[in-house]
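The values are calculated or read from the model by the stated rules, or taken from the named source; none is laboratory data. Model, not experiment: these values are computed from the prediction. We place every Cβ from the backbone using ideal geometry, glycine too, and count neighbours over all the protein chains shown.
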Amino acid sequence: MCNNFDNIENQARINLKGRIDITKRARMIAEKRLKFYSFWLNFGVGFISIMNIFITIFMLIYKKDVHSNDVLNLAVIFYSLLLIIVSLIIWNSNFEVRSENFRKCYLKLDKLMRIDFEEKSLNDIEKKYHLILENFDNHHDLDNIKARILFNRNSNNIPFSLNIYDKIYYYSLKIITYLLYVFILISPLIIIYIFR
């Protein structure tokens, strides 16, 4: 009977350590995602500003061609609207601060994982885990799904299950995100082609 209880408690310790590991990985993924957004959106603001400057200079130099000025005016309007939208997204999202908070969280979780799980009581570890989580914002569901995918792929532990809907959700949003990036990159060319 005692051996069965030890097996159950040992399994509970392994599950808790796995949950902490997945949460830590999800926070690392969230930090990386927010830094990615911050960098590329700030880069986008600079790029859009430079495009507006070049288009305006081009319009001043080549005033004679009225038709091309209409297209260029539309491009300036498009880039100006895009600049306002991207600036508002950056301003409202606070990517750098949030990514730093995720970093602090996963470092605390990493420290918690390094304690001897055999020596500490399971309840104490669980309380510390929940205390850490209460002090930080939660990550996005996609970060958690990606962390579980990576955990299952790279781990010898008991895999944390992912249902088919999680996988479809994750990979479909990944595809949509890449298509959105491509659209953002080629949208100025589409606008110029349409209004030429």
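General remarks:
- Condition check for I61 on (1) modelled with pLDDT of 85 or more; (2) exposed (fewer than 12 other Cβ atoms within 10 Å of the Cβ); (3) of a type in the set (V, I, T): one failure, at (1).
- Taken as a whole, the structure leaves D70 outside the set of residues that are surrounded by fewer than 17 Cβ atoms within 10 Å (Cβ to Cβ) and either modelled with pLDDT of 85 or more or touching a Ser or Thr at 6+ places or on another chain (Cβ under 8 Å) (or both).
- Given (1) in a helix (DSSP H, G or I); (2) modelled with pLDDT under 85; (3) over 17 Å from L189 (Cα atoms), index of the condition V45 fails: (2)
- Residue check for F78: of a type outside the set (V, I, T), without any contact (Cβ under 8 Å) to a residue 24 or more places away in the chain and surrounded by 13 or more Cβ atoms within 10 Å (Cβ to Cβ): no
So that you can scan it fast, the table gives a plain yes or no per residue for (1) in a helix (DSSP H, G or I); (2) farther than 21 Å from D137 by Cα; (3) β-branched (V, I, T):
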| position | (1), (2), (3) |
| --- | --- |
| Q11 | yes, yes, no |
| A26 | yes, no, no |
| I29 | yes, no, yes |
| I50 | yes, yes, yes |
| I53 | yes, yes, yes |
| N92 | yes, no, no |
| D110 | yes, no, no |
| E119 | no, yes, no |
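- Residue selected from region 112-125 under the condition within 22 Å of R25 (Cα to Cα) and in contact with a helix residue (DSSP H, G or I) (Cβ under 9 Å, 6 or more places away or on another chain), by the criterion surrounded by the most Cβ atoms within 10 Å (Cβ to Cβ): L112
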